[in-house]
Amino acid sequence: MPPDPRSELRDRLIVAIGESSVLAGWLASDMGDTSTARNFYDTAERAAKEADDPGIAACALAYRSYIPTAKGAHGRARSLLTEALNALPRKATPATVAWLAARHAEESAALGDPASAVKSWNRAEEAFSVADPDEDRVWTRFMDQNRFDSYHIATLASMSKLDEAQELAAAVLARLEHPDRKKAVIILEDIAEAHLTRGSVNDAAKVGRQALAVLRETDFAMWLPKFEALAQGLKRWARHEPVRAFLEDYALTKRQLGTLRQA
């Protein structure tokens, strides 16, 4: 029997709903509305099941992993990414594999699991070397060299390879243009956290302030909770001038973004 055009159209519509829900979830999360984001991701996963498209399910899980990441819940984030990698179909595109593996490396490093981080990063590099995000599905078109390098910076920083992380960060920040400025927030916050872990509190505060300035510029509300952890870690050194300045900047940023969300 020839295929039923109505069935084919229905499948295409369900796939479109799934892909749109993933992107809508990311936009909601980007604006700091995690409740709405979760609802969209739930819709995407239901659409993936209905359309038998595991790629959508994997993508929804990967985007969902950013919610616990922003709160410092790296174990939960890695669990979601492991599930996403396991959900990938055999014919998954290289850009998608590179993204999920890079995220898995980043979270593994944050958990203090360097062996898993290196293994996942090697997989990410291999996939990215043959990837063309412009020809990939809609959710991986952000995966240019700058974003891929930002995952590497986070992974290196969490593995206490701060010199390597800073060298790569300097190269990436130098080539970032205005549309990419949110990536600068992510990179600078990673470097600030690495300084704090190393005990360089003044450096952590100075880099943290740079990150907050770009965060306000871009209204990147999703990443603000990451700075709460940095602020908590720095509070005991509040008498240090750079730390005091960072804490004041952080309070200002919370008020500014809160006012924007209420407007």
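The values are calculated or read from the model by the stated rules, or taken from the named source; none is laboratory data. Note that the structure is predicted; figures quoted are calculated from it, not measured. Because the Cβ atoms are built from the backbone with ideal geometry, glycine has one as well, and the counts that use them run over all protein chains shown. Please note that ligands, DNA and RNA were not included when accessible areas were found on the heavy atoms of the full protein model with its side chains. Shrake-Rupley method; radii C 1.70, N 1.55, O 1.52, S 1.80 Å.
Brief remarks on what is shown
- Check on residue 139, under 22 Å from residue 64 (Cβ atoms) and at pLDDT below 95: yes
- Odd one out for residue 133, checked against (1) closer than 22 Å to residue 61 by Cα; (2) at pLDDT 90 or above; (3) touching an Asp or Glu at 6+ places or on another chain (Cβ under 9 Å): (2)
- Flag if residue 171 is modelled with pLDDT of 90 or more and more than 30 Å from residue 57 (Cα to Cα): yes
- Identification of helices (runs of 4 or more DSSP H) wholly contained in the stretch 51-100 with 1 or more residues that are under 21 Å from residue 122 (Cα atoms) and open to solvent by 50 Å² or more (accessible area, probe 1.4 Å) yields 74-87.
- Residue-level check: of (1) at negative phi; (2) open to solvent by 30 Å² or more (accessible area, probe 1.4 Å), residue 194 misses just (2).
- Counting only helices (runs of 4 or more DSSP H) wholly contained in the stretch 141-204, the ones carrying 3 or more residues that are charged (D, E, K, R), under 24 Å from residue 238 (Cβ atoms) and free of Cβ contacts under 8 Å to residues at least 60 places away in the same chain occupy 181-198.
- The conditions of being crowded, with 17+ Cβ neighbours inside 10 Å, assigned to a helix (DSSP H, G or I) and at pLDDT 95 or above are met by residue 120.
- Count of the stretch 208-245 residues, restricted to those that are farther than 23 Å from residue 73 by Cβ, within 22 Å of the chain's Cα centre (by Cα) and open to solvent by less than 20 Å² (accessible area, probe 1.4 Å), is 1.
- Only one of 248, 189 that is open to solvent by 10 Å² or more (accessible area, probe 1.4 Å) and either closer than 26 Å to residue 112 by Cα or not hydrophobic (A, V, I, L, M, F, W, C) (or both): 248
- Residues in the stretch 142-166 that are in contact with a helix residue (DSSP H, G or I) (Cβ under 8 Å, 6 or more places away or on another chain) and among the basic types (Lys, Arg): 147 alone.
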